[in-house]
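The values are calculated or read from the model by the stated rules, or taken from the named source; none is laboratory data. The shown structure was predicted, so the numbers you read here are calculated from the model rather than taken from an experiment. Cβ: placed from backbone, ideal geometry, glycine included. Neighbour counts: every protein chain shown. Accessible surface areas use protein heavy atoms only, side chains included; no ligands, DNA or RNA. Shrake-Rupley method; radii C 1.70, N 1.55, O 1.52, S 1.80 Å.
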Amino acid sequence: MSSETLWEIAKAEVEKRGTNGSEGDGAEIGEKSVFFIGSKNGGKTTIILRCLDRDEPPKPTLALDYTYGRRAKGYNTPKDIAHFWELGGGTSLLDLISVPITSDTLRTFSLILVLDLSKPNDLWPTMENLLQATKSHVDKVITKLGKTNPKAVSEMRQKIWNNMQKDHPDRELIDPFPVPLVIIGSKYDIFQDFESEKRKVICKTLRFVAHYYGASLMFTSKSEALLLKIRGVINQLAFGIDKSKSICVDQNKPLFITAGLDSFSQIGSPPIPENDIGKLHAHSPMELWKKVYEKLFPPKSINTLKNIKDPARDPQYAESEVDEMRIQKDQELERYKRSSSKSWKQIELDS
(Lines give C-alpha, C1' and ligand atoms only; values in the text may rest on other atoms or scores of the structure.)
Protein backbone atom coordinates (compact mmCIF):
# COMPACT_ATOMS: atom_id res chain seq x y z
CA MET A 1 0.00 0.00 0.00
CA SER A 2 1.30 3.46 -0.92
CA SER A 3 2.29 5.66 2.01
CA GLU A 4 2.08 8.88 0.00
CA THR A 5 -0.02 11.68 1.45
CA LEU A 6 -2.54 13.62 -0.59
CA TRP A 7 -0.18 16.60 -0.60
CA GLU A 8 2.63 14.46 -2.08
CA ILE A 9 0.27 13.07 -4.73
CA ALA A 10 -0.92 16.57 -5.58
CA LYS A 11 2.66 17.79 -5.88
CA ALA A 12 3.52 14.88 -8.18
CA GLU A 13 0.52 15.64 -10.36
CA VAL A 14 1.51 19.30 -10.68
CA GLU A 15 5.09 18.33 -11.60
CA LYS A 16 3.78 15.85 -14.13
CA ARG A 17 1.61 18.55 -15.66
CA GLY A 18 4.62 20.84 -15.93
CA THR A 19 6.53 18.13 -17.81
CA ASN A 20 3.81 16.76 -20.07
CA GLY A 21 1.19 19.50 -20.08
CA SER A 22 0.20 21.77 -22.91
CA GLU A 23 2.51 24.67 -23.68
CA GLY A 24 -0.19 26.72 -25.44
CA ASP A 25 -1.61 29.96 -24.06
CA GLY A 26 -4.85 29.30 -22.19
CA ALA A 27 -5.24 25.80 -23.64
CA GLU A 28 -7.34 23.17 -21.89
CA ILE A 29 -4.97 20.85 -20.07
CA GLY A 30 -7.41 18.24 -18.75
CA GLU A 31 -6.91 19.52 -15.22
CA LYS A 32 -9.22 21.79 -13.25
CA SER A 33 -9.53 23.15 -9.71
CA VAL A 34 -12.76 23.62 -7.75
CA PHE A 35 -12.65 25.62 -4.52
CA PHE A 36 -15.41 25.21 -1.91
CA ILE A 37 -15.98 28.07 0.51
CA GLY A 38 -19.00 29.00 2.62
CA SER A 39 -20.87 28.67 5.90
CA LYS A 40 -19.27 26.76 8.74
CA ASN A 41 -20.95 23.33 9.00
CA GLY A 42 -22.87 24.18 5.82
CA GLY A 43 -22.35 20.81 4.13
CA LYS A 44 -19.37 21.47 1.83
CA THR A 45 -17.61 18.20 2.69
CA THR A 46 -20.80 16.19 2.15
CA ILE A 47 -21.22 17.66 -1.32
CA ILE A 48 -17.60 16.91 -2.26
CA LEU A 49 -17.83 13.29 -1.05
CA ARG A 50 -21.05 12.81 -3.01
CA CYS A 51 -19.45 14.18 -6.17
CA LEU A 52 -16.55 11.76 -5.78
CA ASP A 53 -18.80 8.77 -4.95
CA ARG A 54 -17.10 8.31 -1.61
CA ASP A 55 -19.25 6.57 0.96
CA GLU A 56 -17.69 7.85 4.16
CA PRO A 57 -18.88 10.09 7.00
CA PRO A 58 -17.81 13.73 6.59
CA LYS A 59 -15.30 15.11 9.08
CA PRO A 60 -15.07 18.74 10.20
CA THR A 61 -12.77 20.84 8.01
CA LEU A 62 -10.36 22.57 10.37
CA ALA A 63 -8.50 24.80 7.91
CA LEU A 64 -7.90 23.93 4.25
CA ASP A 65 -8.58 20.44 2.94
CA TYR A 66 -7.51 18.98 -0.40
CA THR A 67 -8.59 15.94 -2.37
CA TYR A 68 -8.82 15.05 -6.04
CA GLY A 69 -10.83 13.00 -8.48
CA ARG A 70 -10.23 11.42 -11.89
CA ARG A 71 -12.55 10.80 -14.81
CA ALA A 72 -11.84 9.30 -18.23
CA LYS A 73 -13.29 11.04 -21.29
CA GLY A 74 -13.62 7.75 -23.10
CA TYR A 75 -12.35 4.21 -23.36
CA ASN A 76 -8.58 3.84 -23.10
CA THR A 77 -8.01 7.60 -22.84
CA PRO A 78 -6.05 9.57 -20.20
CA LYS A 79 -8.13 10.57 -17.20
CA ASP A 80 -8.91 14.20 -16.47
CA ILE A 81 -7.95 15.38 -13.01
CA ALA A 82 -10.01 17.64 -10.75
CA HIS A 83 -8.48 19.22 -7.67
CA PHE A 84 -11.00 19.87 -4.89
CA TRP A 85 -10.12 22.41 -2.20
CA GLU A 86 -12.28 23.21 0.81
CA LEU A 87 -11.90 26.15 3.18
CA GLY A 88 -13.08 25.45 6.72
CA GLY A 89 -14.04 27.83 9.50
CA GLY A 90 -16.60 29.92 7.65
CA THR A 91 -15.09 33.42 7.35
CA SER A 92 -12.33 33.04 9.94
CA LEU A 93 -9.52 31.78 7.69
CA LEU A 94 -9.64 34.21 4.78
CA ASP A 95 -5.84 34.31 4.48
CA LEU A 96 -5.86 30.69 3.26
CA ILE A 97 -7.86 31.66 0.17
CA SER A 98 -4.58 32.50 -1.56
CA VAL A 99 -3.28 28.90 -1.33
CA PRO A 100 -5.28 27.23 -4.15
CA ILE A 101 -5.64 30.35 -6.33
CA THR A 102 -2.42 30.92 -8.27
CA SER A 103 -1.34 32.01 -11.74
CA ASP A 104 -0.97 28.34 -12.66
CA THR A 105 -4.49 27.30 -11.58
CA LEU A 106 -6.49 30.43 -12.39
CA ARG A 107 -7.37 29.61 -16.00
CA THR A 108 -9.14 26.39 -15.02
CA PHE A 109 -10.42 27.50 -11.63
CA SER A 110 -14.03 27.53 -10.34
CA LEU A 111 -15.57 28.69 -7.08
CA ILE A 112 -18.41 27.04 -5.12
CA LEU A 113 -20.00 29.17 -2.38
CA VAL A 114 -22.12 27.04 -0.01
CA LEU A 115 -24.53 29.03 2.17
CA ASP A 116 -26.51 27.55 5.08
CA LEU A 117 -30.17 28.45 4.36
CA SER A 118 -31.16 27.44 7.89
CA LYS A 119 -29.20 30.40 9.32
CA PRO A 120 -30.45 33.42 7.34
CA ASN A 121 -28.99 35.99 9.79
CA ASP A 122 -25.47 34.74 9.01
CA LEU A 123 -26.06 34.36 5.30
CA TRP A 124 -25.28 37.85 3.99
CA PRO A 125 -22.12 38.57 6.06
CA THR A 126 -20.76 35.10 5.24
CA MET A 127 -21.43 35.58 1.55
CA GLU A 128 -20.12 39.13 1.44
CA ASN A 129 -16.88 38.50 3.34
CA LEU A 130 -15.97 35.35 1.41
CA LEU A 131 -16.76 36.76 -2.03
CA GLN A 132 -14.96 40.03 -1.37
CA ALA A 133 -11.84 38.28 -0.05
CA THR A 134 -11.80 35.80 -2.92
CA LYS A 135 -12.39 38.44 -5.60
CA SER A 136 -9.67 40.64 -4.15
CA HIS A 137 -7.11 37.84 -4.37
CA VAL A 138 -8.27 36.69 -7.81
CA ASP A 139 -7.95 40.26 -9.13
CA LYS A 140 -4.36 40.40 -7.85
CA VAL A 141 -3.51 37.09 -9.53
CA ILE A 142 -5.15 38.24 -12.79
CA THR A 143 -3.09 41.43 -12.73
CA LYS A 144 0.08 39.41 -12.19
CA LEU A 145 -0.85 36.92 -14.93
CA GLY A 146 -1.71 39.74 -17.33
CA LYS A 147 1.87 41.00 -17.23
CA THR A 148 3.25 37.70 -18.53
CA ASN A 149 0.31 36.22 -20.43
CA PRO A 150 -2.26 38.87 -21.46
CA LYS A 151 -3.81 36.48 -23.96
CA ALA A 152 -4.75 34.05 -21.19
CA VAL A 153 -6.42 36.84 -19.20
CA SER A 154 -8.36 37.96 -22.28
CA GLU A 155 -9.57 34.39 -22.89
CA MET A 156 -10.62 34.06 -19.25
CA ARG A 157 -12.75 37.20 -19.41
CA GLN A 158 -14.32 36.17 -22.69
CA LYS A 159 -15.18 32.75 -21.23
CA ILE A 160 -16.96 34.37 -18.27
CA TRP A 161 -19.09 36.53 -20.59
CA ASN A 162 -20.02 33.50 -22.72
CA ASN A 163 -22.60 32.52 -20.07
CA MET A 164 -24.58 35.66 -20.89
CA GLN A 165 -26.30 35.85 -24.28
CA LYS A 166 -25.23 38.85 -26.33
CA ASP A 167 -28.83 40.09 -26.54
CA HIS A 168 -29.59 39.58 -22.84
CA PRO A 169 -31.26 42.77 -21.49
CA ASP A 170 -29.05 42.77 -18.36
CA ARG A 171 -25.73 42.47 -20.13
CA GLU A 172 -24.75 46.05 -19.29
CA LEU A 173 -26.02 45.84 -15.71
CA ILE A 174 -24.13 42.87 -14.31
CA ASP A 175 -20.54 42.51 -13.08
CA PRO A 176 -19.50 38.86 -13.62
CA PHE A 177 -17.27 37.28 -11.00
CA PRO A 178 -13.76 36.86 -12.46
CA VAL A 179 -13.92 33.05 -12.24
CA PRO A 180 -16.91 30.70 -12.72
CA LEU A 181 -19.07 30.90 -9.59
CA VAL A 182 -21.83 28.61 -8.29
CA ILE A 183 -23.86 29.56 -5.21
CA ILE A 184 -25.40 26.60 -3.38
CA GLY A 185 -28.03 27.04 -0.69
CA SER A 186 -27.76 24.04 1.63
CA LYS A 187 -30.16 22.54 4.19
CA TYR A 188 -33.21 23.21 2.04
CA ASP A 189 -35.11 20.62 4.11
CA ILE A 190 -35.05 23.11 7.02
CA PHE A 191 -35.49 26.19 4.85
CA GLN A 192 -38.70 24.91 3.24
CA ASP A 193 -40.47 25.13 6.61
CA PHE A 194 -39.77 28.87 6.94
CA GLU A 195 -42.59 31.38 6.65
CA SER A 196 -43.48 32.23 3.06
CA GLU A 197 -42.37 35.87 3.34
CA LYS A 198 -38.95 34.88 4.73
CA ARG A 199 -38.43 32.35 1.96
CA LYS A 200 -39.39 34.99 -0.59
CA VAL A 201 -36.82 37.49 0.68
CA ILE A 202 -34.02 34.91 0.81
CA CYS A 203 -34.81 33.51 -2.64
CA LYS A 204 -35.08 36.89 -4.34
CA THR A 205 -31.93 38.18 -2.65
CA LEU A 206 -29.84 35.17 -3.65
CA ARG A 207 -31.22 35.33 -7.18
CA PHE A 208 -30.18 38.97 -7.43
CA VAL A 209 -26.67 38.33 -6.11
CA ALA A 210 -26.16 35.28 -8.33
CA HIS A 211 -27.42 37.04 -11.45
CA TYR A 212 -25.38 40.18 -10.74
CA TYR A 213 -22.19 38.07 -10.50
CA GLY A 214 -23.09 35.91 -13.51
CA ALA A 215 -23.29 32.87 -11.23
CA SER A 216 -25.43 29.76 -11.09
CA LEU A 217 -27.74 29.31 -8.09
CA MET A 218 -29.23 26.12 -6.69
CA PHE A 219 -30.60 24.73 -3.44
CA THR A 220 -29.85 21.32 -2.00
CA SER A 221 -30.34 19.12 1.05
CA LYS A 222 -29.75 15.50 2.01
CA SER A 223 -32.23 14.51 -0.71
CA GLU A 224 -30.59 12.13 -3.17
CA ALA A 225 -32.35 13.77 -6.11
CA LEU A 226 -31.09 17.25 -5.21
CA LEU A 227 -27.56 15.97 -4.52
CA LEU A 228 -27.49 14.34 -7.96
CA LYS A 229 -28.37 17.66 -9.59
CA ILE A 230 -25.63 19.41 -7.64
CA ARG A 231 -23.21 16.66 -8.58
CA GLY A 232 -23.99 17.24 -12.25
CA VAL A 233 -23.22 20.95 -11.95
CA ILE A 234 -19.93 20.36 -10.15
CA ASN A 235 -18.89 17.65 -12.60
CA GLN A 236 -19.39 20.19 -15.37
CA LEU A 237 -16.93 22.51 -13.64
CA ALA A 238 -14.48 19.76 -12.72
CA PHE A 239 -14.55 17.56 -15.80
CA GLY A 240 -16.29 19.54 -18.53
CA ILE A 241 -19.49 17.47 -18.51
CA ASP A 242 -22.33 19.09 -20.50
CA LYS A 243 -23.97 21.99 -18.68
CA SER A 244 -27.60 21.66 -17.55
CA LYS A 245 -30.10 24.07 -19.08
CA SER A 246 -32.92 23.41 -16.60
CA ILE A 247 -34.35 26.21 -14.48
CA CYS A 248 -36.65 26.52 -11.45
CA VAL A 249 -37.41 29.94 -9.97
CA ASP A 250 -40.41 28.90 -7.86
CA GLN A 251 -39.73 29.91 -4.24
CA ASN A 252 -41.87 26.97 -3.09
CA LYS A 253 -39.41 24.56 -4.71
CA PRO A 254 -35.61 24.18 -4.61
CA LEU A 255 -34.16 26.91 -6.84
CA PHE A 256 -32.06 25.76 -9.78
CA ILE A 257 -30.88 28.52 -12.10
CA THR A 258 -27.96 28.12 -14.49
CA ALA A 259 -25.81 31.21 -15.00
CA GLY A 260 -27.27 33.58 -17.58
CA LEU A 261 -30.82 32.21 -17.52
CA ASP A 262 -32.27 34.65 -14.94
CA SER A 263 -33.05 38.35 -15.36
CA PHE A 264 -33.58 41.38 -13.14
CA SER A 265 -37.08 41.84 -14.54
CA GLN A 266 -38.05 38.32 -13.45
CA ILE A 267 -36.43 38.77 -10.03
CA GLY A 268 -38.25 42.06 -9.46
CA SER A 269 -37.49 44.85 -7.02
CA PRO A 270 -36.29 44.31 -3.43
CA PRO A 271 -39.12 42.89 -1.27
CA ILE A 272 -39.96 46.06 0.64
CA PRO A 273 -42.81 48.60 0.32
CA GLU A 274 -42.00 51.19 -2.38
CA ASN A 275 -42.43 54.12 0.05
CA ASP A 276 -39.74 52.55 2.28
CA ILE A 277 -37.14 52.11 -0.48
CA GLY A 278 -36.55 55.89 -0.61
CA LYS A 279 -35.67 55.86 3.08
CA LEU A 280 -32.79 53.46 2.51
CA HIS A 281 -29.63 55.31 1.53
CA ALA A 282 -27.68 53.05 -0.84
CA HIS A 283 -24.97 53.81 -3.41
CA SER A 284 -25.55 50.71 -5.54
CA PRO A 285 -28.20 48.04 -6.24
CA MET A 286 -26.12 45.52 -4.27
CA GLU A 287 -26.04 47.80 -1.23
CA LEU A 288 -29.80 48.36 -1.51
CA TRP A 289 -30.51 44.63 -1.51
CA LYS A 290 -28.17 44.22 1.46
CA LYS A 291 -30.04 46.84 3.48
CA VAL A 292 -33.41 45.30 2.63
CA TYR A 293 -32.19 41.81 3.51
CA GLU A 294 -30.58 42.85 6.79
CA LYS A 295 -33.74 44.73 7.77
CA LEU A 296 -35.50 41.37 8.06
CA PHE A 297 -32.44 39.31 9.02
CA PRO A 298 -30.11 41.45 11.18
CA PRO A 299 -26.61 39.95 11.01
CA LYS A 300 -25.28 38.15 14.04
CA SER A 301 -21.60 37.89 14.87
CA ILE A 302 -19.99 35.68 12.25
CA ASN A 303 -17.55 32.89 12.99
CA THR A 304 -14.17 33.91 14.32
CA LEU A 305 -10.94 32.04 14.74
CA LYS A 306 -11.79 31.48 18.40
CA ASN A 307 -14.61 29.15 17.38
CA ILE A 308 -12.25 26.78 15.61
CA LYS A 309 -11.21 23.74 17.57
CA ASP A 310 -7.45 23.46 18.01
CA PRO A 311 -6.44 20.35 16.00
CA ALA A 312 -3.52 19.81 18.39
CA ARG A 313 -6.08 19.11 21.14
CA ASP A 314 -8.42 16.97 19.01
CA PRO A 315 -8.42 13.27 20.04
CA GLN A 316 -8.92 12.10 16.45
CA TYR A 317 -5.46 13.41 15.56
CA ALA A 318 -3.71 11.92 18.60
CA GLU A 319 -0.05 10.92 18.10
CA SER A 320 1.59 9.67 21.30
CA GLU A 321 5.17 10.69 20.43
CA VAL A 322 4.13 14.05 19.06
CA ASP A 323 1.82 14.69 22.02
CA GLU A 324 4.55 13.86 24.51
CA MET A 325 6.91 16.27 22.76
CA ARG A 326 4.15 18.92 22.74
CA ILE A 327 3.67 18.53 26.52
CA GLN A 328 7.42 18.80 27.02
CA LYS A 329 7.57 21.99 24.94
CA ASP A 330 4.58 23.45 26.80
CA GLN A 331 6.32 22.79 30.10
CA GLU A 332 9.51 24.40 28.81
CA LEU A 333 7.51 27.43 27.72
CA GLU A 334 5.88 27.76 31.15
CA ARG A 335 9.29 27.52 32.87
CA TYR A 336 10.62 30.20 30.51
CA LYS A 337 7.67 32.48 31.31
CA ARG A 338 8.21 32.03 35.07
CA SER A 339 11.95 32.57 34.70
CA SER A 340 11.42 35.68 32.58
CA SER A 341 8.90 37.05 35.05
CA LYS A 342 11.36 36.63 37.96
CA SER A 343 14.13 38.28 35.94
CA TRP A 344 12.01 41.35 35.18
CA LYS A 345 10.93 41.62 38.82
CA GLN A 346 14.57 41.44 39.91
CA ILE A 347 15.51 44.19 37.43
CA GLU A 348 12.72 46.38 38.82
CA LEU A 349 13.90 45.82 42.41
CA ASP A 350 17.53 46.59 41.50
CA SER A 351 16.52 49.81 39.82
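If R0 is 25 Å, what FRET efficiency do you get for LYS59 and HIS283 from their C-beta distance, rounded to 0.05? Before the final figure, lay out each step's value.
Numbers: r = 43 Å, r/R0 = 1.70.
Once the sixth-power term is evaluated, E becomes 0.05.
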*When the Karplus curve 6.51 cos²θ - 1.76 cosθ + 1.60 is applied with θ = phi - 60°, which whole-Hz ³J(HN,Hα) does each residue of region 95-111 get, with x for Gly and Pro?*
4, 6, 4, 6, 5, x, 9, 9, 4, 6, 9, 4, 5, 10, 10, 9, 10
*Rounded to the nearest 0.05, what FRET efficiency do TRP161 and LYS300 have when you use their Cβ-Cβ distance and R0 = 30 Å?*
0.25
*Any idea of the accessible area per residue across region 102-203, 1.4 Å probe, to the nearest Å²?*
47
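Assign one of three labels to region 85-174, namely rounded, prolate or oblate, based on the Cα gyration tensor with a ≥ b ≥ c the square roots of its eigenvalues; rounded applies when a/c is under 1.5, prolate when it is not and a/b is larger than b/c, and oblate otherwise. Working shown, then result.
On the way: a/c = 2.54, a/b = 1.26, b/c = 2.02.
The shape class here is oblate.
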*Quantify, in whole percent, the carbon and sulfur part of the accessible surface of region 41-132 (1.4 Å probe; protein heavy atoms only).*
47
*Interchain or long-range residues, amide H under 5 Å from LEU64's placed H*: GLY88
*List, in order, the whole-Hz ³J(HN,Hα) value for each residue of region 49-60 obtained from phi through the Karplus relation with A = 6.51, B = -1.76, C = 1.60 and θ = phi - 60°; use x for Gly and Pro.*
4, 5, 5, 9, 6, 9, 8, 8, x, x, 10, x
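Figure the gain on full extension for ASP250 and ASP175 (residue separation times 0.36 nm, minus the Cα-Cα span) and round it to one decimal in nm. Don't skip to the end; give the middle numbers.
Numbers: separation 75, 0.36 × 75 = 27.00 nm, distance 2.46 nm.
Net length gain for the segment: 24.5 nm.
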*Across region 244-250, in residue order, what do the Karplus-derived ³J(HN,Hα) couplings come to in whole Hz, using 6.51 cos²θ - 1.76 cosθ + 1.60 with θ = phi - 60° and x for Gly and Pro?*
6, 10, 6, 8, 9, 10, 6
*Tell me, what is the 1.4 Å probe accessible area of SER98, in Å² to the nearest 10?*
50
*So what is the relative contact order for region 154-240, in percent, with contacts set as C-alpha pairs under 8 Å and at least six apart?*
33
*Please list, in chain and number order, the residues 5+ apart from GLY185 or on another chain whose amide H is under 5 Å from its amide H, with Hs placed from the backbone.*
LEU115, MET218, PHE219, THR220
*With all protein chains present and a 1.4 Å probe, how do GLU287, GLU172, GLU324 order by accessible area, largest first?*
GLU172, GLU324, GLU287
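Summing +1 for each Lys or Arg and -1 for each Asp or Glu, what net charge is found among the other residues whose Cβ lies under 13 Å from the Cβ of ASN129?
Values: positive: LYS40, LYS135, LYS290; negative: ASP95, ASP122, GLU128.
Result for the local shell: 0.
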*With all protein chains present and a 1.4 Å probe, how do LYS291, LYS253, LYS245, LYS204 order by accessible area, largest first?*
LYS245, LYS253, LYS291, LYS204
